[in-house]
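K.L.:
Sharing a structure with you now.
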Amino acid sequence: MDTLIGTDPSVAAEHLTNGEAVAIPTETVYGLAANALEEAAVMKIFLLKERPVFDPLIVHIESIDRLPVYAEEIPPSAYLLAKTFWPGPLTLILKKKSLIPDLVTSGLDTVGLRVPSHPLTIQLLEQLPFPLAAPSANPFGYVSPTTAHHVADQFHGKIPYILDGGPCRVGIESTIVGFDEQGRPVIYRQGGIALRDVEAVAGAAKLMLSTSSNPKAPGMMKSHYAPKIPLVCGDMQSLAKVHRHKKCALLCLTPPGEIPQNIVTVVALSPSEDLQEAARHFFSSLRTLEQSGADLIIAEWMPDRDLGPALNDRLRRAAAANEDPS
Ligand code: TXA
Ligand code: MG
């Protein structure tokens, strides 16, 4: 199959209407999209990504007005969050209506919904009579794509079209928020909206960010987001010593003062210590470092503020791939 890269939402719309999967830009990461209401189209996403069918997909809609079409029993705090953050990097987990196929939600009675903030994808959704199921456009478990080229690296020849919306502005996936019986927020994945900002709108949130013990929500799986070479996290100087016989690449927030000899490449995510900027460069930096010729990536923990915890969560899961490749 020829893969075209272009900027025309109506070309994407045509392929999607024909039941194909195409890549779409969002503000967080690129998605691999298909008609969310058609099981055969959704199945293509699982096959292309080699994604286990127990990992549910997020459904993308063009406006908050569509919410009651696909979800019911929507708590007031969900509307508050949607009004505050949509279009934007927030996914709401809500009780699903039956027109959403079970394949999309992996048999759960809830669905993840989000209005992405990207003009091309909003134009696309407005042209379509159906919403788009779209996970990140990377093979399951690998680093998420933040440019059309990242998508092409992986899916060239396998999908007909990549809608190119430029580099992603946020750079990490959406924050996923569900609700308990009382309508209080439960965080399933830290992402592009900081926990504090969610709590400022919806009140204190419970964290349900756990691990392999919960295969129903594998954004939460222990090993994920993993580059092709091993990654370890912690203090750079001591890790460089431990791994002194290896060629190491360093991922850090600000450039280090003194660089050990065995560190061959350094990527500083934000010299001005801006964690939004760090998030924007995070996944593409992992790709750069895995191609740098190093044997190992040493990553320093990010500070515990703003998007720091979301980045640390991804680092932890990337590191877990060395211990537990499953
Ligand atoms: O920013 C994003 O959210 C990107 C862009 C493309 O929108 N999408 C994305 O999709 O990150 P994906 O498939 O890589 O991650 C979706 C996560 C999965 O980990 C899944 O477990 C969780 O959302 N999820 C989806 N539906 C769920 C549900 N009903 N209950 C709990 N978790 C759910
Ligand atoms: Mg993903």
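The values are calculated or read from the model by the stated rules, or taken from the named source; none is laboratory data. Keep in mind that this is a model prediction, so the values were computed, not measured. Backbone-built Cβ (ideal geometry, glycine too); neighbour counts: all protein chains shown.
K.L.:
If only one of 192, 157 is within 15 Å of ligand 1 (Cβ to nearest atom), in a loop (DSSP other than H, G, I, E, B) and over 22 Å from residue 290 (Cα atoms), which one is it?
P.N.:
192
K.L.:
Mind listing whichever residues of region 11-34 are surrounded by fewer than 24 Cβ atoms within 10 Å (Cβ to Cβ) and either within 13 Å of the chain's Cα centre (by Cα) or within 15 Å of ligand 1 (Cβ to nearest atom) (or both)?
P.N.:
Selection gives 27 alone.
K.L.:
Only residues that are in a helix (DSSP H, G or I), surrounded by 18 or more Cβ atoms within 10 Å (Cβ to Cβ) and of a type outside the set (S, T, N, Q): list them for region 72-90, please.
P.N.:
If we filter region 72-90 for residues that are in a helix (DSSP H, G or I), which is where we start, we get 76-85.
Still in the list and also surrounded by 18 or more Cβ atoms within 10 Å (Cβ to Cβ): 77-78, 81-82, 85.
Residues satisfying the conditions are 78, 81, 82, 85.
K.L.:
Right, something else. For region 45-71: of the residues being away from ligand 1 (no atom under 14 Å from the Cβ) and either without any contact (Cβ under 8 Å) to a residue 60 or more places away in the chain or assigned to a loop (DSSP other than H, G, I, E, B) (or both), which is surrounded by the most Cβ atoms within 10 Å (Cβ to Cβ)?
P.N.:
Looking at residues that are away from ligand 1 (no atom under 14 Å from the Cβ) and either without any contact (Cβ under 8 Å) to a residue 60 or more places away in the chain or assigned to a loop (DSSP other than H, G, I, E, B) (or both), I get 67.
K.L.:
Please find, among 286, 296, 311, the residue that is modelled with pLDDT of 95 or more and in contact with a Lys or Arg (Cβ under 7 Å, 6 or more places away or on another chain).
P.N.:
Numbers: 286 fails: in contact with a Lys or Arg (Cβ under 7 Å, 6 or more places away or on another chain); 311 fails: in contact with a Lys or Arg (Cβ under 7 Å, 6 or more places away or on another chain).
None of the other options fit; the residue is 296.
K.L.:
Quick check on my filter: what residues within region 97-154 are part of a loop (DSSP other than H, G, I, E, B), among the hydroxyl-bearing types (Ser, Thr, Tyr) and either within 16 Å of ligand 2 (Cβ to nearest atom) or in contact with a strand residue (DSSP E or B) (Cβ under 6 Å, 6 or more places away or on another chain) (or both)? First the steps, then the outcome.
P.N.:
Step one: of region 97-154, the residues part of a loop (DSSP other than H, G, I, E, B) are 97-101, 106-109, 115-118, 128-131, 134-135, 137-141, 143-147.
With among the hydroxyl-bearing types (Ser, Thr, Tyr) added as a condition, the list becomes 98, 106, 117, 144, 146-147.
Scanning region 97-154 gives 106, 144, 146, 147.
K.L.:
I would also like to ask the following. Is there a residue in region 12-24 that is within 30 Å of residue 277 (Cβ to Cβ), more than 16 Å from ligand 2 (Cβ to nearest atom), touching a residue at least 60 places away in the same chain (Cβ under 8 Å) and part of a helix (DSSP H, G or I)?
P.N.:
To start, the set of residues in region 12-24 that are within 30 Å of residue 277 (Cβ to Cβ) comprises 12, 22-24.
Add one more test, that the residue is more than 16 Å from ligand 2 (Cβ to nearest atom), and what stays is 12, 22.
Still in the list and also touching a residue at least 60 places away in the same chain (Cβ under 8 Å): 12, 22.
Next cut, part of a helix (DSSP H, G or I) only: 12.
Within region 12-24 (the criterion being within 30 Å of residue 277 (Cβ to Cβ), more than 16 Å from ligand 2 (Cβ to nearest atom), touching a residue at least 60 places away in the same chain (Cβ under 8 Å) and part of a helix (DSSP H, G or I)), the answer is yes, since at least one residue qualifies.
K.L.:
Moving on. Could you check region 98-135 and list, in sequence order, the residues that are polar (S, T, N, Q) and surrounded by fewer than 24 Cβ atoms within 10 Å (Cβ to Cβ)?
P.N.:
If the condition is that a residue be polar (S, T, N, Q) and surrounded by fewer than 24 Cβ atoms within 10 Å (Cβ to Cβ), then 98, 105, 106, 110, 117, 123, 127 are the ones that fit.
K.L.:
Further question on the same structure: Is there a residue in region 289-302 that is within 29 Å of residue 187 (Cα to Cα) and without any contact (Cβ under 8 Å) to a residue 24 or more places away in the chain?
P.N.:
No, the conditions are met nowhere in region 289-302.
K.L.:
Considering only region 51-74, state which residues are farther than 25 Å from residue 88 by Cα and at pLDDT 95 or above.
P.N.:
Result: no residue meets the conditions.
K.L.:
Can you tell me which of 232, 198 is under 20 Å from the mean Cα position of the chain (by Cα), away from ligand 1 (no atom under 11 Å from the Cβ) and not small (Gly, Ala, Ser)?
P.N.:
The unique qualifying residue is 198.
K.L.:
Something else: Are any residues in region 160-189 assigned to a loop (DSSP other than H, G, I, E, B) and away from ligand 1 (no atom under 12 Å from the Cβ), and if so, which ones?
P.N.:
Going through region 160-189, the residues assigned to a loop (DSSP other than H, G, I, E, B) turn out to be 160, 164-174, 180-184.
Of everything in region 160-189, those that are assigned to a loop (DSSP other than H, G, I, E, B) and away from ligand 1 (no atom under 12 Å from the Cβ) turn out to be 160, 164, 166, 167, 180, 181, 182, 183, 184.
K.L.:
Can you list the strands (runs of 3 or more DSSP E) found entirely within region 216-282 that contain at least 1 residues being under 20 Å from residue 136 (Cβ atoms)?
P.N.:
Qualifying strands (runs of 3 or more DSSP E): 231-233, 248-252.
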